[in-house]
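Read through the structure below, which is laid out as structure tokens, and then see the notes.
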Amino acid sequence: MDEFKKQAYELLLKNRKRHGDFQYTIPSPDNYPYQWLWDSCFHAIVLSYFSPEDAKKELLSLISKQFENGMIPHMIYWGEHKPFGDENITIDWGKEDTSSITQPPMLAYAALSIYRKDHDKKFLSQIYPSIKRFYNYLLKDRDPRGHHLIGIINPDESGEDNSPRFDIPLGNLPPQHSISENIERRLKLVEMNYKTCNFDAPFCMKNFFWVKDVPFNAIFVANLDALVEISKITENEEDTLYYNHQKSAISRAMRDLMFEDGIYWSTYGKEYVKIKVKTWAMFAALFAKLYTDEEAENLISGHLLNANEFWPKFPVSTVAMDEPSFNPFGFWRGPTWTATNWFVYKGLLNYSKTDIANKIKESSLSLVEKSGFREYYDPKTGEGHGTTNFTWGTLILDMN
Ligand code: GLC
């Protein structure tokens, strides 16, 4: 682990960038030249072990580009807007120096992780208003009907761009289709957002892509927990009550509208139709402790540890291997990713499933040892795919 720790820190330093007074880390030098929202939260969590000051800079640069309405964009170019990704595309998001969609809200969790290392109350108080504005934006603009589920306006907001969970909401894409077909539909949504919707998220959700995703909402709930904690530390008692209340309301709505047959499913459309595609999303709900002990037990034995579904040689595959959409090197359509493993690891600890969690940690470590810090891995062979020098593997350090 010491050698791994050294390599992880070296990678984060290698991918570090500065822009004026700001400092941030790019996910990978070959393919991802900007700052990304949830990536930076992951970086902050890991950096807090080495240098809380550098971890804070990661979050400060993020909030420096917060929109007036409170949204934090999922990409900040920092003057580097050039083609990126395997497809070498430059996307026009309708904004000058950022994208115009968001990503899973890990900000409060990341801020609290830093505080737990250095107990710097001043930093928490400094960043608290921005954190609040971000979560308040999601509570308001992404839940226009007040049903207590947070909506996303584009699959990319989930962080799992081409996950099969979005095939139906994208207009009934078949389980097997080309990446270019998928990208075309998502780019259409990007264009809708600024051309047709004029960045009006509720309008855009209602008309073009109406999805309530399980990981996004589970991450939101777990982050409300962190926000409650932060509000106590910064002595904002009224907020403690408010966010606790929101946490219960969203957990209840998730139970009412997403839960069936012992599993939480993402939904789409006005009527919350469940998208019954088996992906790691069902385990994301463990991260927010949304299952009872008995439900978690059944979920783990029936699905997680099932060698035909999520437990290949290198778990956890992001899509069940018996799904028609499963593709072991299809980006978010099957491969093992270290960040999703981190969420499942933390979720298992919520239920004291330390042995299984440790297996996930060991398997994640062996993937990096075998194939390096890659973007994602073939869950059956462990072969690395996608970009290299990718930072997410550093999260293994926080599997404790
Ligand atoms: C890909 C991932 C997304 C991530 C980004 C940068 O688009 O799907 O989750 O934030 O790369 O690493």
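Ala201 - would you say it is of a type in the set (A, V, I, L, M, F, W, C), in contact with an Asp or Glu (Cβ under 9 Å, 6 or more places away or on another chain) and either without any contact (Cβ under 8 Å) to a residue 24 or more places away in the chain or crowded, with 17+ Cβ neighbours inside 10 Å (or both)?
Details: of a type in the set (A, V, I, L, M, F, W, C): yes; in contact with an Asp or Glu (Cβ under 9 Å, 6 or more places away or on another chain): yes; either without any contact (Cβ under 8 Å) to a residue 24 or more places away in the chain or crowded, with 17+ Cβ neighbours inside 10 Å (or both): yes.
Against the criterion (of a type in the set (A, V, I, L, M, F, W, C), in contact with an Asp or Glu (Cβ under 9 Å, 6 or more places away or on another chain) and either without any contact (Cβ under 8 Å) to a residue 24 or more places away in the chain or crowded, with 17+ Cβ neighbours inside 10 Å (or both)), Ala201 qualifies.
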**Q.** Hits in the range 326-338 (condition: more than 16 Å from the ligand (Cβ to nearest atom) and within 13 Å of Arg165 (Cα to Cα))
**A.** Phe326
Q: Name the one entry in Tyr243, Tyr291, Tyr345 that is within 20 Å of the chain's Cα centre (by Cα), farther than 25 Å from Lys380 by Cα and not hydrophobic (A, V, I, L, M, F, W, C).
A: Tyr291
Q.
I'd like the residue in the range 70-79 that is at pLDDT 95 or above and not aromatic (Phe, Trp, Tyr) and, out of all such residues, is farthest from the chain's Cα centre (by Cα).
A. Gly70
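In this structure, is Met205 away from the ligand (no atom under 16 Å from the Cβ), in contact with a Gly (Cβ under 6 Å, 6 or more places away or on another chain), assigned to a helix (DSSP H, G or I) and not aromatic (Phe, Trp, Tyr)? Steps first, please.
On the way: away from the ligand (no atom under 16 Å from the Cβ): yes; in contact with a Gly (Cβ under 6 Å, 6 or more places away or on another chain): yes; assigned to a helix (DSSP H, G or I): yes; not aromatic (Phe, Trp, Tyr): yes.
When the stated conditions are applied, Met205 passes them.
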Q.
Would you confirm whether or not the range 85-100 contains a residue that is outside any strand (DSSP E or B), within 14 Å of the ligand (Cβ to nearest atom), under 27 Å from Gly372 (Cβ atoms) and touching an Asp or Glu at 6+ places or on another chain (Cβ under 9 Å)?
A. no
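Mind checking which helices (runs of 4 or more DSSP H) fall wholly inside the range 1-69 and carry at least 1 residues that are modelled with pLDDT under 95 and out of contact with any strand residue (DSSP E or B) (no Cβ under 8 Å at 6 or more places or on another chain)?
Per the criteria, 2-14.
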Q: Identify all residues within the range 230-275 that are of a type in the set (Asp, Glu) and touching a helix residue (DSSP H, G or I) at 6+ places or on another chain (Cβ under 6 Å); write none if there are none.
A: Asp239
(Q) So, in the range 16-42, how many residues would count as being in contact with a Ser or Thr (Cβ under 6 Å, 6 or more places away or on another chain), touching a residue at least 60 places away in the same chain (Cβ under 8 Å) and more than 11 Å from the ligand (Cβ to nearest atom)? (A) 1
Q: Return a yes/no flag: does the range 143-163 have any residue that is farther than 24 Å from Lys65 by Cβ, within 16 Å of the ligand (Cβ to nearest atom) and not basic (Lys, Arg).
A: yes
(Q) Tell me yes or no: at least one residue of the range 187-194 is assigned to a helix (DSSP H, G or I) and within 30 Å of Phe123 (Cβ to Cβ). (A) no
Q: Select from the range 366-400 the residues that are over 18 Å from the mean Cα position of the chain (by Cα) and not in a loop (DSSP other than H, G, I, E, B) and list them in ascending order.
A: Ser366, Leu367, Val368, Glu369, Lys370, Ser371, Gly384, His385
Q) Quick one: which of Ile168, Ile179, Ile152 is crowded, with 20+ Cβ neighbours inside 10 Å, among the β-branched types (Val, Ile, Thr) and out of contact with any Pro (no Cβ under 7 Å at 6 or more places or on another chain)? A) Ile152
Q: Looking at (1) in contact with an Asp or Glu (Cβ under 9 Å, 6 or more places away or on another chain); (2) assigned to a helix (DSSP H, G or I); (3) within 16 Å of the ligand (Cβ to nearest atom), find the lone condition where Phe343 falls short.
A: (1)
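The values are calculated or read from the model by the stated rules, or taken from the named source; none is laboratory data. Note that the structure is a prediction, hence the values are computed from the model and not measured. Glycine also receives a Cβ, built like all others from the backbone with ideal geometry; neighbour counts cover every protein chain displayed.
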